[in-house]
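Okay, structure first, notes after.
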Amino acid sequence: MSSLSCCWNGSKQKSGENKTLSIMDTPTSSTQKPSSLHADSIISSLLSFPSSTPFSVACSFDRELEKSLSSASDDAYVQDRLLNRTIQLASVLLESTKRCYRERATAHNSVSWVLPPELTVKVFSKVDTKSLMQVAACCTVFNRCAMDRSSYAHIDLTTATIQADNEVVCTMIHRAGKELRSLKLGHVTRRYGPEPNPMLFNGPFLSSLSYNHGFLGSRLTSLRLYNIGMMHYNSLNNVLSVCLNLTDLRIVGFNCPLMPLFMTLSKKSRLIEHLCLGSYHPLGNMDASTASHLLELVTKSHNLTSLTLLCFQLTNDIVRNLVESSRKLKYLNLSRSPKINGQFLRDLGNSGKESPLETLIMRNCVKLEEKEVLELCNSLLKGNFKFIRHIDVSSNNGLVSDDGRRSYKPKFPGEKLKEERPDVTLVADFPLERSGKRYHVGVEGDDEELREIEMMDAKNDEADNDDEFDDDSFDDDDDV
């Protein structure tokens, strides 16, 4: 431990207390600071110390430190300064060691991580934003990639509802900049009981999309808002007015007026392909004016292939007009509609042989009649609905039978349907008769339904992502 002793003694003065005080002087005094070469030599001697047990090294440190204290002064203040200085030097050594360790880890990761930075950024852009923040703290290589704008092209804060607030949302939007393509906020499933930090934003939390004449909003193609709470319609309207390239809009658990929303979408969002609007409680009666604006929205959305209207007070006539006015509609979800009884299926069966509809969901429709679903099955056997592949009429309260009672064991031609239309899946699950439990339609089961919607969306997104990778590979081939 001669090098440690030399470190202390080499900075002492010639006599008494001044010898120890010189050790405590700050580096501002250049005349008392050892030369850089001498300091390097001392540190090198310390690092080249022969291997020994930690206990032996600790004893050596203790002995040398006791010598320094005894050769100092009897003044407790001077001794305290000496101990503090020792702690500072040990801290500097520890931080320097950690820094070198991180640099070596970064160099190792840069070699062992097989993906180039551009592909790493693309992978990061597919994960939720909370996971992206966690990845950024792993190492310098990942941090650099995670700070790329493209990593925030798809902002997903549904897994970080406690941390997300106005400032976080605005920061993420600005961090994405012109690369922003999709934005997801809120609880995907509704939470029962007290919520520790509900998704309530103060003010227009999406106002960043409207800045600079909607520069950022014009890049957005997908906007999904789940159970945000109170949303002021004017702020939502301002955002939708600048998001002219939206192809995917999902607002679940909202309480905005319907007619102005339909009017804004029909004027500004002509590129919509997937539209999902949902509430937990039946919305007000849909008058003729509101229904006409909804029909106008569907008619003008020439690319609309998926329409989900949860808990809407739709009538059979409105639904029939919606399906007939959309030429590309493949997916229709009318779950928890409190008014439709399924009569519209008769008219669609007569005129819908060439309808592009592939999926029809009518879960928990309290007035859905057994005879109308049976008529739909017979229509399928006749060859109508040529492209349909999936039908779901499951309900917690069963179906309405001819005598007005609830039917939990309807007699559908399931076997015959499997033989003549094996490409069609009919889901008719009525669990309450077996479980003996009663739930209110439109209140219970919402979480499960929203999970299913989200899972289906995730599958569609994965397919779209695969297409993007394929397209990129083709583009690279063309460049070559």
The stretch 413-425, subset in a loop (DSSP other than H, G, I, E, B) and within 40 Å of the chain's Cα centre (by Cα), residue surrounded by the fewest Cβ atoms within 10 Å (Cβ to Cβ): 422
Please count how many residues of the stretch 156-165 are small (Gly, Ala, Ser) and buried (at least 20 other Cβ atoms within 10 Å of the Cβ). 1
Out of (1) assigned to a loop (DSSP other than H, G, I, E, B); (2) of a type outside the set (D, E, K, R); (3) within 29 Å of residue 139 (Cβ to Cβ), what's the single condition that is false for residue 93? (1)
Scanning the stretch 127-182 residue by residue, the ones that are small (Gly, Ala, Ser) and within 27 Å of residue 244 (Cβ to Cβ) total 7
Looking only at residues that are among the charged types (D, E, K, R) and open to solvent by less than 60 Å² (accessible area, probe 1.4 Å) in the stretch 240-276, which one is modelled with the highest pLDDT? 248
Per-region count, the stretch 375-412, residues farther than 18 Å from residue 423 by Cα, out of contact with any helix residue (DSSP H, G or I) (no Cβ under 7 Å at 6 or more places or on another chain) and either part of a helix (DSSP H, G or I) or among the polar types (S, T, N, Q) (or both): 2
Give all pairs with beta carbons closer than 6 Å in which a residue from the stretch 391-418 that is farther than 14 Å from residue 362 by Cβ meets a residue that is among the charged types (D, E, K, R); count only pairs at least 6 apart in sequence or on separate chains. 401/370; 407/370; 408/433
Among the residues of the stretch 235-251, is there at least one that is assigned to a strand (DSSP E or B) and either farther than 19 Å from residue 273 by Cα or hydrophobic (A, V, I, L, M, F, W, C) (or both)? yes
Restricted to the stretch 53-72, and to residues that are in contact with a helix residue (DSSP H, G or I) (Cβ under 8 Å, 6 or more places away or on another chain) and open to solvent by 60 Å² or more (accessible area, probe 1.4 Å), which residue is farthest from residue 89 (Cα to Cα)? 67
It is to be established whether one or more residues within the stretch 30-46 are more than 30 Å from residue 143 (Cβ to Cβ), open to solvent by 90 Å² or more (accessible area, probe 1.4 Å), part of a helix (DSSP H, G or I) and modelled with pLDDT under 75. no
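With the structure loaded, tell me whether residue 114 is among the hydrophobic types (A, V, I, L, M, F, W, C), open to solvent by 80 Å² or more (accessible area, probe 1.4 Å) and in a loop (DSSP other than H, G, I, E, B) or whether it fails that test.
Working: among the hydrophobic types (A, V, I, L, M, F, W, C): yes; open to solvent by 80 Å² or more (accessible area, probe 1.4 Å): yes; in a loop (DSSP other than H, G, I, E, B): yes.
So residue 114 passes the test.
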If you scan the stretch 73-83, which residues turn out to be surrounded by 11 or more Cβ atoms within 10 Å (Cβ to Cβ) and free of Cβ contacts under 8 Å to residues at least 24 places away in the same chain? 79, 80, 83
Filter result (out of contact with any Leu (no Cβ under 9 Å at 6 or more places or on another chain) and surrounded by fewer than 16 Cβ atoms within 10 Å (Cβ to Cβ)) within the stretch 166-186: 166, 167, 171
In the stretch 380-395, residues that are closer than 21 Å to residue 315 by Cα and either open to solvent by 30 Å² or more (accessible area, probe 1.4 Å) or in contact with a Phe, Trp or Tyr (Cβ under 8 Å, 6 or more places away or on another chain) (or both) total 2
Could you run through the stretch 255-276 and say how many residues are in contact with a Phe, Trp or Tyr (Cβ under 8 Å, 6 or more places away or on another chain) and of a type in the set (A, V, I, L, M, F, W, C)? 2
Can you tell which of 122, 67, 19 is in a helix (DSSP H, G or I), of a type in the set (Lys, Arg) and modelled with pLDDT of 85 or more? 122
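The values are calculated or read from the model by the stated rules, or taken from the named source; none is laboratory data. Just so you know, these numbers come straight off a predicted model, no measurement behind them. Backbone-built Cβ (ideal geometry, glycine too); neighbour counts: all protein chains shown. Only protein heavy atoms, including side chains, enter the accessible area calculation; ligands, DNA and RNA are left aside. Shrake-Rupley method; radii C 1.70, N 1.55, O 1.52, S 1.80 Å.
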